[in-house]
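In what follows, a single structure is set out as structure tokens and then discussed.
The values are calculated or read from the model by the stated rules, or taken from the named source; none is laboratory data. In this text the structure is predicted, and so the values were computed from the model without any measurement. Cβ: placed from backbone, ideal geometry, glycine included. Neighbour counts: every protein chain shown. In case anyone asks, the SASA skips ligands and DNA or RNA and just uses the protein heavy atoms, side chains included. Shrake-Rupley method; radii C 1.70, N 1.55, O 1.52, S 1.80 Å.
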Amino acid sequence: MAQTPHVIGSAVLQRLKERGEPASPENYERTYYELSGLPRPAKASEAAGDGPDCSSLLSALRQMLQEITDTTGNLTNDLGEKNQGLSENVSSLKSCRDKQEILRLLSSVVIQAGSIHAAVESSHQELLETRQSLNSMQEQMAETRQLLYEDALTGTLNRRGLEQTLSREIARAQRANAHFSLAMLDLDNFKKINDDHGHGIGDLMLMHFTGLIRSVMRKSDILARYGGEEFILILPDTDSRGAHSCSAACNRSWRARR
């Protein structure tokens, strides 16, 4: 494997996809060193029990950016040298009267023009490959973010997504001195449904339940799955009366369509 950052980065993301593993910082770091063959340095944070960081991911991104900088820098220098030589030959052609010398200068101009074109094409291809790798990494990270913060069954936020969103919404409400409410939703006797009819039916009920809740939610409201059959509804800009009204609407919707 060519040991260039964009090649390694693409290979890492492909390997994680094949394994069905999310491109989390720890998975990316482990696979990066696995494929690159580079020794994995000990991290002080890991020794302290804080868990792995995303230094390898940042390192790969830095190397990609350095590749872009090097490529454009080399192209600039190369074009500068070639353009100087081309300009000198063009100037000589203007004053030249000797037929053989004119032919020689024309041949040099053609060669130099071809060399400039080749340098531009080569650099363009390198930059295109790096851009494609960065785009692929961005897409993979977006997919991974969705997997990390969304519940696979219901499409609501999961526990991790809830914690992140809740912190953000609480901070926003505090800054704006606005009302903020939470509603806890729970399906009664859900364990009995699973026991009597199987987990497949239980899953369908959860999906049906979240669909009903979404039908009465505002665009600003956020639904999260807190536990097995427990959900939390985040209600920005909502006081206690509004929260009670929302809860009642959810109950009416559930009783009418279950």
Seminar exercise, completed: Those helices (runs of 4 or more DSSP H) completely within segment 114-219 that have 2 or more residues that are open to solvent by 60 Å² or more (accessible area, probe 1.4 Å), within 30 Å of T76 (Cβ to Cβ) and modelled with pLDDT of 90 or more are none
Exercise. Does segment 232-247 include one or more residues that are acidic (D, E), at pLDDT below 90 and assigned to a helix (DSSP H, G or I)?
Worked result: no
